[in-house]
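Here is the structure we will look at, set down as structure tokens.
The values are calculated or read from the model by the stated rules, or taken from the named source; none is laboratory data. Keep in mind that this is a model prediction, so the values were computed, not measured. Heads up, the Cβs are rebuilt from the backbone with ideal geometry, glycines too, and the neighbour counts pull from every protein chain shown.
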Amino acid sequence: MAPDAFDFWLDCANVDAATAAAAIAPAPDDLLETYEISTSVNRVANDSPALLERLAVSLATATPSNAASEAIAPAKRVKPKKDERQPSLF
């Protein structure tokens, strides 16, 4: 959505949904930059600026054998310790 269309798009009292939806357009290609980051972002316990750093090797530049193993290999899961302070309902 172009910034100059924000007020139009949010004016639900005077603009119907179909007309407002017509103002939605894909972002220009140069607006956003994408890059791979660590899968560590998937855990709320991890909280550091390092989570947003680019990965050194992307799947696009990895060798085919590495790319396949990285894409298929599941993340190691750590079973949380049981909290003995709270009884379980199950």
Take the residues in the stretch 46-66 that are under 13 Å from residue 36 (Cα atoms) and at pLDDT below 80, then tell me which one is surrounded by the most Cβ atoms within 10 Å (Cβ to Cβ). 62
Top-ranked residue of the stretch 1-23 - restricted to ones that are assigned to a loop (DSSP other than H, G, I, E, B) and more than 21 Å from the chain's Cα centre (by Cα), ranked as farthest from residue 79 (Cα to Cα): 14
